[in-house]
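Structure first, then comments.
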Amino acid sequence: MTNPPDHPGDRSMTQPDTRPDGAALLDALRDALTRYVILPSPEAADAVTLWIAASHAQPAWAHAPRLVIRAPEKRCGKSRLLDVTEATCHDPFITVNSSSAAVYRSISEDPPTMLVDEADTIFGPKADGNEDLRGLLNAGHQRNRPAKRYDANTGRVESIPTFAMAALAGIGAMPDTIEDRAVVIRMRRRGPGESVAPYRHRRDRPALRQLAEDLRLWLRADLETLEKAEPPMPVEDRAADTWEPLITVADHAGGTWPDRARAAVLALTAEADDNTEISNRVRLLADCRTAFGTDPALATVTLLERLKADPEAPWADYGPNGLTAMKLGVILREYDIRSANIRFTDGTQAKGYQRADFTDAWARYCPALDTPPTTGNADIPLFEGGSRPSRPSLVIAGQRGTASNRGTA
């Protein structure tokens, strides 16, 4: 005897699958984004789509990636992108003119999505008084980094959660501590022939909020699965932490999204690497390598002269008198590089640095410089015209060489 059609045992065969189609929801969200905003690339559109979707499953993630929407000038669409993000993300919380205390108290175990327009009010030159908010945005990228506050009324130390996804829009770059934890979208003004639909809050937001609700229902039904996911990542370390929620959402949706998500990771992280300004400390390491050439040692005074001789380097104007021996020593000690008294082949002694003491730091912090040049000695970079520095002349005692330009420091 067979079960009647409405028997639970046959329900999977008689009723259609009513689970949301994740790939179709992501497609709809991407269509909404690109209807109102011109994004700089298809990969950027995919990345923003996945970031917004991931905001609906924040309890599943170990890291809360930031979305940085930056532009070189006004009228590049960053505020409009933030508007559409606000309409489609999970529980949007606008932090413009919000006190730090209000922001902290708004974060719970199921946090809102923080949205900050004109982020220069937090990170720019007029950002005095926002230290607490900056601290929250830095710490809140990772779980279990609560802020500690002493409550004088109860005499107890209170732990306040900081974990929450955040989107920040502003002109110019954000601090490294933010962009290193972010999906960075570099907006630009619309070009000739590029057009978008006008966005009207009252007219357009309700449909976008319904899309947000559909995304929430889809992802919240599978939080346990999302939390346990360990997707293969095309990047490592902090980049992997930042992008993993987006990749997990894409894999959960299926269709073309897994491949598109990984293409977006590679494209946007490569763009970030190309546009990242290296710190002065790493710049100093690289410039020291150029100054040394193949010489095994240099006097401090000679090393400083060569560093400050480069018109495109910051060392001639590094402080009132340029880079000094003391400042050089302070920076290099961070890499366990210290000056010493060196005896040269002509019998003189001078305070200076040995090239061998730099090799470990060069390999760790500026490995791109390890690629050998096509001609000449392995460690001498190629120069154009008259920009090539004079040959280093100080060497360690016991090795052949000249010592025509001696100096002390």
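The values are calculated or read from the model by the stated rules, or taken from the named source; none is laboratory data. It should be emphasised that the depicted structure is a prediction, and the values quoted were computed from it without experimental measurement. Don't worry about glycine lacking a Cβ; one is built from the backbone with ideal geometry, like all the others, and counts go over all protein chains shown.
See the values below:
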read-out	value
Residues located in the stretch 135-158, provided they are among the β-branched types (V, I, T) and not in a loop (DSSP other than H, G, I, E, B)	V157
Residue satisfying condition, being surrounded by 15 or more Cβ atoms within 10 Å (Cβ to Cβ), part of a helix (DSSP H, G or I) and either without any contact (Cβ under 8 Å) to a residue 24 or more places away in the chain or of a type in the set (D, E) (or both), within set E271, E213, E224	E271
Count - residues of the stretch 20-42 that are surrounded by fewer than 19 Cβ atoms within 10 Å (Cβ to Cβ) and under 26 Å from D222 (Cβ atoms)	7
Those residues of the stretch 227-264 which are surrounded by fewer than 16 Cβ atoms within 10 Å (Cβ to Cβ), at pLDDT 95 or above, part of a helix (DSSP H, G or I) and acidic (D, E), in sequence order	E227, D259
Test for R283: is it in contact with a Pro (Cβ under 9 Å, 6 or more places away or on another chain), charged (D, E, K, R) and either in contact (Cβ under 8 Å) with a residue 60 or more places away in the chain or under 30 Å from A229 (Cβ atoms) (or both)	no
Subset of the stretch 159-172 [in a strand (DSSP E or B) and buried (at least 23 other Cβ atoms within 10 Å of the Cβ)]	A166, A167, L168, A169
Matching residues in the stretch 233-252 - criterion: being in contact with a helix residue (DSSP H, G or I) (Cβ under 9 Å, 6 or more places away or on another chain), more than 19 Å from A60 (Cβ to Cβ) and not small (G, A, S)	P234, V235
Within the stretch 316-357, tally of residues that are in contact with an Asp or Glu (Cβ under 7 Å, 6 or more places away or on another chain) and either acidic (D, E) or assigned to a loop (DSSP other than H, G, I, E, B) (or both)	1
Selected residue (only one of A309, A409 is in contact with a helix residue (DSSP H, G or I) (Cβ under 9 Å, 6 or more places away or on another chain), at pLDDT below 90 and of a type in the set (A, V, I, L, M))	A409
Pick from the stretch 59-79, criterion touching an Asp or Glu at 6+ places or on another chain (Cβ under 7 Å) and more than 20 Å from I171 (Cβ to Cβ), ranking: surrounded by the fewest Cβ atoms within 10 Å (Cβ to Cβ)	P59
Residue match in the stretch 173-194 (condition: more than 30 Å from A270 (Cα to Cα) and in contact with a helix residue (DSSP H, G or I) (Cβ under 6 Å, 6 or more places away or on another chain))	no
I331 being under 27 Å from the mean Cα position of the chain (by Cα) and on the phi < 0 side of the Ramachandran plot	yes
Qualifying residue in the stretch 190-203 (condition: surrounded by fewer than 17 Cβ atoms within 10 Å (Cβ to Cβ), without any contact (Cβ under 8 Å) to a residue 40 or more places away in the chain and not in a loop (DSSP other than H, G, I, E, B))	yes
